[in-house]
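Peer 1: My structure is below; once you've seen it, I'll send some questions.
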Amino acid sequence: MTLQTNEFWVGTYHGRHDGRLVKVTATRDDTRLEPYAWTCTCGASQTFPTEDGVDRTAWRHTHPTLWDRLRQKAALLLRTR
């Protein structure tokens, strides 16, 4: 992921979900309404007005809990029927 000229790197999180390796990059951009954001290589992203939720949600996206993994598998099984 390449940063725009007005974006600043905040952190990078490596992990896996849905059976593949992913990387989440957290950034700050003061020109946006919600300046803090993270973007995953899977295509998911989320924005925040303050830096409080960025680390926790980015970490959880790359390291899903057991409950999150079970919910993802159940949704996959129900979707394939």
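Any read-out appearing in this document is the output of simple, stated calculations on the displayed coordinates, not a laboratory observation. Just so it is clear, the structure is predicted and the values come from calculations on it, not from any experiment. Positions of Cβ are backbone-derived with ideal geometry, glycine not excepted, and every protein chain shown enters the neighbour counts.
Peer 1: Once each part is reduced to its C-alpha centroid, what is the distance from segment 1-25 to segment 51-81 in angstrom?
Peer 2: Cα centroid to Cα centroid, the span is 17 Å.
Peer 1: Considering all alpha-carbon pairs of the chain, what whole percent are spaced by more than 15 angstrom?
Peer 2: 59
Peer 1: Angle, helix 66-79 long axis vs. longest principal axis of the chain, Cα atoms, 0 to 90°, nearest 10?
Peer 2: 60
Peer 1: Helix-only estimate, please: 222 nm mean residue ellipticity of the chain, summing -39500 (n - 2.57) across DSSP H runs of length 4 or more and dividing by its residues, to the nearest 500.
Peer 2: The helix contribution divided over the chain gives -8500 deg cm²/dmol.
Peer 1: Using a simple charge model, +1 on the beta-carbon of Lys and Arg, -1 on the beta-carbon of Asp and Glu, nothing else, what dipole does the chain show about its Cα centre, in debye to the nearest 20?
Peer 2: About 720 debye.
Peer 1: Follow-up question, since we're still on this one. Please name whichever of Thr5, Thr41, Trp67 sits farthest to the positive end of the charge dipole of the chain, dipole taken about the Cα centre and charges placed at Cβ: Lys and Arg +1, Asp and Glu -1.
Peer 2: Highest projection toward the positive end goes to Trp67.
Peer 1: Using 0.36 nm per residue of separation minus the Cα-Cα distance, give me the extension gain between Phe8 and Leu77 in nm, one decimal.
Peer 2: So the extension gain works out to 20.9 nm.
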